[in-house]
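Have a look at the structure below before the remarks.
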Amino acid sequence: MNARRFFLTTVATTALAVSAAVSLPAQDALAQTGTPAQTPAAQAPAAQAPAAQAPAAQSPAPEKPLALVNGVPITQKDLDMASEDLGDRLPAMPDAQRRTYLVNYLIDMKILAQAAEKAKIADTPDFARRMAYYRDKVMLDDYLASEVKKAATPEAARKLYEETIKTMKPEEEVRARHILVESEDDAKKIAARVKGGEDFVKVATEVSKDPGSAKDGGDLGFFTKDRMVPEFAEVAFKLKPGEISDPVKTQFGWHVIKVEEKREKPVPTFEEVKDQVDSYLAQKTQQDIILALRKDAKIERFDEPSPAPATPAEPKKP
């Protein structure tokens, strides 16, 4: 089993539960106008950015101006904040171009914000409400991030890993090859050939209709029983290493299966699953905080909520 799937079910369950209780990370109000690529900065030439020619490896002082827009400075801290806010909406590009892109983006943002200020957008009735909304979202993100940092420590991650592997039951894996054809007659002929001594890898490469494994001689690698359709898995796990099956029908066609090896699924190392463990701890911490705060809060609803659960279900421990 691929180590990256170790905590997949648990993390997915937790993520769904948490999403029922808390919104996605807050986005700046400017993001409501569209993606970065839709702003004038996306087409601005590199020469417009005062810091564009600096090597990417340089790290200017956080408060040192990189540009001035009508006297208002843009600093490294502003770039860091914009990069975090835009996230994966930023186009893929080398570091130096990415830096130029962000400076241009912030220049445009300052220009537009100054124009909006002159137009007295901040004095409109809806502005204060929107600002309060985004303030709440940013505070939510920062608060949860600080609490996660306290709880999701390296020691906590290691402890969760150790507790989890103790509960893992041994599970058998099989490494098998197969040849896939469309008809039973063809499968019977192929089974007779490989059982008669022809090289299974050679025959699979020549005639198998499986585009994923044919070029590798029908090799499917190691898999657990739940990874294959029942008809295929039932036969594969009954065969001994070196044995070849009679034709087996599944929804994909007719198979001839050869088992190469059997083993007990190895337990992934901590390093292999560290990202999944950290993700689970972070999401579990967020959910615990939300549930505790809801319990103590006085909440009055005057709408007609759907019959869906008011609070997320407790996630299953990995």
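The values are calculated or read from the model by the stated rules, or taken from the named source; none is laboratory data. Because the structure is a prediction, the values reported are computed rather than measured. So basically every Cβ, Gly included, is an ideal-geometry build from the backbone, and we count neighbours across all protein chains shown. Ligands, DNA and RNA are stripped out before the accessible areas are found, and what is left, the full protein with its side chains, is counted by its heavy atoms. Shrake-Rupley method; radii C 1.70, N 1.55, O 1.52, S 1.80 Å.
As an exercise, identify the chymotrypsin sites (Phe, Trp or Tyr not before Pro) in the stretch 193-272 lying in DSSP coil whose Cβ has no more than 16 other Cβ atoms within 10 Å. Display every interim value, and only then the final one.
Working: sites: Phe200, Phe222, Phe223, Phe232, Phe237, Phe252, Trp254, Phe270; in loops: Phe237, Phe252.
Answer in residue order: Phe252.
Once you order the gyration tensor axes a ≥ b ≥ c over the Cα atoms, which shape class does the stretch 197-251 get: rounded for a/c under 1.5, otherwise prolate or oblate by comparing a/b with b/c?
Prolate, since a/c reaches 1.5 and a/b exceeds b/c.
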Met109 accessible area, assembled protein chains, probe 1.4 Å, Å²: 50 Å²
16 Å Cα-Cα reach of Lys195 towards lysines, excluding residues that sit fewer than 8 places from it in its own chain: Lys240, Lys258
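Rounded to the nearest whole Å², what accessible area per residue is found for the stretch 165-255 with the 1.4 Å probe?
Working: 5270 Å² over 91 residues.
Solvent-accessible surface per residue comes out at 58 Å².
Can you give me the Kirkwood hydrodynamic radius for the stretch 91-191, using every pair of distinct Cα atoms, in Å to one decimal? Before the final figure, lay out the partial values.
On the way: mean 1/r = 0.0463 Å⁻¹.
Here the Kirkwood hydrodynamic radius works out to 21.6 Å.
Between Ala128 and Met93, how high is the FRET efficiency from 1/(1 + (r/R0)^6) when r is the Cβ-Cβ distance and R₀ = 30 Å? Nearest 0.05.
Values: r = 37 Å, r/R0 = 1.25.
So, using R0 = 30 Å, E works out to roughly 0.20.
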Distance between modelled label sites at Arg263 and Thr153, nm, 7 Å Cα→Cβ extension: 3.6 nm
Positive dipole terminus of the stretch 118-202, leading residue within Tyr143, Ala122, Ile190 (C-beta point charges): Ala122
Distance histogram in 5 Å bins (all Cα pairs of the stretch 179-318, percent per bin): 2, 8, 13, 14, 11, 6, 6, 7, 7, 7, 6, 5, 4, 2, 1, 0
Nitroxide proxy distance, nm - points 7 Å out along Cα→Cβ at Glu234 and Phe302: 6.1 nm
Computed label-point distance, nm, for sites Ala115 and Asp85 using a 7 Å Cα→Cβ extension: 1.7 nm
Partner lysines for Lys295 [C-alpha distance under 27 Å; skip if fewer than 8 residues away on the same chain]: Lys137, Lys149, Lys150, Lys284, Lys316, Lys317
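Using 1/(1 + (r/R0)^6) with R0 = 41 angstrom and r between the beta carbons of Ile165 and Val138, what's the FRET efficiency to the nearest 0.05? Please list the in-between numbers first.
Numbers: r = 38 Å, r/R0 = 0.94.
Given R0 = 41 Å and the Cβ-Cβ separation, E is 0.60.
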Met131, Met93, Met81, reordered so the largest accessible area comes first (probe 1.4 Å): Met81, Met131, Met93
Percent carbon-and-sulfur accessible area, the stretch 82-224, ignoring ligands, DNA and RNA, probe 1.4 Å: 55 percent
Per DSSP, loop GluC sites (Glu not before Pro) in the stretch 200-243 with at most 15 further Cβ within 10 Å: Glu243
